[in-house]
Amino acid sequence: MAYTPEILIVDDEPRMCDSLKILLGNEGYKTKTAHSGQQALECLVKHHIDLVLLDIVMPDMNGLEVMDLINKQKLDTLVIVITGHASVDSAVGSLRKGAYDYLRKPFEFDQLLKRVKNALDQKKLKKEYEIINGKLELSEKRYECLVNNSPDIICTLGLDGSFTYVNPAWERVLGHQTDEVIGKRFADFAGDNPHEDCLRLFRRLEEKYETIRDASCALIHKDGSARIFGLSAAPNLDSHGNVTGTVGALKDVTEQRKLETQLAQTQKIQAVGTLAGGIAHDFNNLLMGIQGRTSLMLLNISSDHPHFEHLKGIESIVESGASLTKQLLGFARGGKYEAKPTDLNDLIDNSAQMFGRTKKEIVIHTSYQKDIWTSEVDRGQIEQVMVNLFVNSWHAMPGGGRLYVQTKNVALQEEDVKPFGAEPGNYVKISVRDTGTGMDEATRSRVFEPFFTTKEMGRGTGLGLASAYGIIKNHAGIIAVDSKKGEGTTFDIYLPVSEKEIPEQPDLPVALMRGTESVLLVDDEDIIIEIGQEILEEMGYEVFLARSGKEAVQVYEKNKGKIDMVILDMIMPDMGGGEAYDKMKEIHPQVKVLLSSGYSVEGEASEILARGCDGFIQKPFSATQLSHTIRQVLSA
């Protein structure tokens, strides 16, 4: 009587369990169900289960904990993880713990059935792995059936290192028919420039006939794409124990490696972002000191003073320094400064025209969609992204060339955004295409890495495209690149659509506004305290000082009847601005507070503003900007 595999369905949703039980039962499988991790473990101990369909999220323990207990008890059970809360972390985590496969809800039943069949075939193959390690004795017919139906590639090589047999999986996975493989060597399928480690591995197979376990190698599909395999091999012996060559098994791990690479790259960019955010914060404090002293001097001289233009030049340099911190904060959490509904056609056209005026050897062609959708962006940061892309194209066209800039309204589906971790919906697509030298695959795959550059020393930092990546990600968008050597490069940016209307642009403040109220200035940086006190007193305000959050609360409680408003730094070591604000609000619910930080208004600052804080000002700021913001807070 034929053996019927038994499948355990684990999901805290009874309807999901019942549906899968009916569907799998119709295919001839035995099934059991469990609605919690504990029920699943009890069932696994009592019954011989071949395969578990395991939900990640359950009320008593998550799926990864269940897998840990399966591994601990060494149960002969395969696991396919099924979840509606998929992420790169959960995918890689489950695969590392030994899951056979990973499936995201919602899914087609045919897709699930195919993976169930592959898993059960794999389990049968594992049980009878005499074809690899010589420990089991199988009949020729059984051997042929298992090998031919294996989802993994199984092959044999002769004493000269050439293939003498490959199972049908080779054609399914790599596209070559059997007669295109027999008689050739591994190196023939390793591409034009195979990795040296792969070549050494292939030579070991062809010359030494040694046992190899879980080695990694890359082979080229018939369509030219590369696939990554886990390779296990052993000497192939005849009935007399003589070595006749090698028998090997290749498991396609391409998608798994992509997930691991994507996770590693994301973690690397996040680490650099954290570092960049801290540097930018400290740098903005230094710029604030320079800007503050410059503002004080400008308050007391007229435009015909011999030093006036020099001082305005210093302010311009401070603005350039602040622009650099914006690049750094493009990596950091909350990298957006002032996100506003924007006409991207207008923004991009201005950037293209400005760039075109400085690079006459580049011919720019534009194509903008009429009635382009509105997107909520930080105008300065998106302009920075466009300039970075234009400069990148210019470097790729040293003798001149053509640059094509296009905008388009698009709707992206789940399958479009899934590789980028974005949400489906309406987007504005921005394309920048050049006719330059293009990039090979190795360069293209690293182009968004921080500090990666192909330019010679002194010609570039490698921050430009990495900054663009960080900015677009912080806008919940997508940035992708398509390039081939000698065929130019195309960057595609997708920014989510906003339903908000584009506001009218306010006039910039030009005159200093004064007052006679009292202000508590809170900052842990001495330079900010010193300069801030002088500027505020010059404006006519009485100034109280505090160098920490705790001291600010104490000073405010002691002088709450005298202090009209507080200028509060957000990041301080002992008590942050958020906690200090909450405590001062307990003392006086109508306290007026202006939040100040070297970070942007996004992230923690926006949370404090949502709790009732009266305003925000980004360091570095001029005396004129501060004077207008103070009056806005006091008059609100």
**Request:** List the lysines whose Cα lies under 25 Å from the Cα of K550, skipping any in the same chain that are fewer than 8 positions away.
**Result:** K558, K560, K562, K583, K585, K592, K619
**Request:** Pull out the extension gain between E487 and D188, defined as 0.36 nm times the separation in residues minus the alpha carbon to alpha carbon distance; nm, one decimal.
**Result:** 104.9 nm
**Message:** Cross-link candidates for K500: which lysines have Cα within less than 16 Å, leaving aside residues fewer than 8 places away along the same chain?
**Reply:** K340
**Asked** How much net charge surrounds E487 when only other residues with a Cβ under 14 Å from its Cβ are counted (Lys, Arg +1; Asp, Glu -1)?
**Response** +1
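Seen from all sides and averaged, what is the projected area of the convex hull of the Cα atoms in the range 6-127, in nm²?
Average projection, Cα convex hull of the range 6-127: 6.8 nm².
Highest mean first, what order results for 239-251, 302-314 on Cβ atoms within 10 Å?
Peptide ranking by packing, descending: 239-251, 302-314.
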**Prompt:** So for L219, L512, L299, fewest C-beta neighbours within 10 Å to most, what's the order?
**Reply:** L299, L512, L219
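Please compare each pair in K74/K251; K30/K105; K46/K74; K123/K418 to a cut-off of 19 Å on the Cα-Cα distance and tell me which ones are over it.
Values: K74/K251 22 Å; K30/K105 22 Å; K46/K74 14 Å; K123/K418 30 Å.
Beyond 19 Å: K74/K251; K30/K105; K123/K418.
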**Asked** What is the extension gain from A511 to K408, computed as 0.36 nm multiplied by their sequence separation minus the C-alpha to C-alpha distance, in nm to one decimal?
**Response** 32.9 nm
**Asked** Among the lysines, which have Cα under 18 Å from the Cα of K485 when same-chain residues fewer than 8 positions away are ignored?
**Response** K455
**Complete:** In whole angstrom, the spacing between the Cα centers of the range 545-588 and the range 161-176 equals 72
**Request:** Sum up the charges of everything whose Cβ sits under 14 Å from the Cβ of T4, counting Lys and Arg as +1 and Asp and Glu as -1, but leave T4 out.
**Result:** +2
**Prompt:** At what distance in angstrom do the alpha carbon centres of the range 15-34 and the range 339-385 lie from each other?
**Reply:** 55
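A short reminder: the numbers here are calculations on the coordinates, not readings from a lab. Since this is a predicted model, take the numbers as computed values, not measurements. All Cβ positions, even for glycine, are placed from backbone atoms using ideal geometry, and neighbour counts span all protein chains on display.
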